[in-house]
Amino acid sequence: MGFSIAIGMGLCIFIQVMLNVVAAIVFLIMGRRELVKSFFISAAVLVPVGFFTWLILLSIYG
């Protein structure tokens, strides 16, 4: 049960990063540079924070 929680959380983090990247690309195509920067920064911050959170969950439940 606990291991699947860690795997599910890792999948949610991955999906959120990919959605941020897709949104940034869409706004880049639309020409809204301020939103592009925001979504890329959000994705860049979420990758290390999400990865270490996932590692902590994996060490607790795995």
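Observations
- In this structure, F27 qualifies as assigned to a helix (DSSP H, G or I) and over 17 Å from the mean Cα position of the chain (by Cα).
- Qualifying positions in the stretch 8-29 - of a type in the set (A, V, I, L, M, F, W, C), surrounded by fewer than 15 Cβ atoms within 10 Å (Cβ to Cβ) and under 17 Å from S59 (Cα atoms): L11
- Residue list for the stretch 30-45, filter: open to solvent by 80 Å² or more (accessible area, probe 1.4 Å) and not in a helix (DSSP H, G or I): R32
The values are calculated or read from the model by the stated rules, or taken from the named source; none is laboratory data. If you're wondering where the values come from, they're calculated on a predicted model, not measured in any experiment. In this analysis, Cβ positions are derived from the backbone assuming ideal geometry, glycine residues included, and neighbour counts consider all displayed protein chains. Keep in mind that these areas ignore ligands, DNA and RNA; they rest on the heavy atoms of the full protein, side chains included. Shrake-Rupley method; radii C 1.70, N 1.55, O 1.52, S 1.80 Å.
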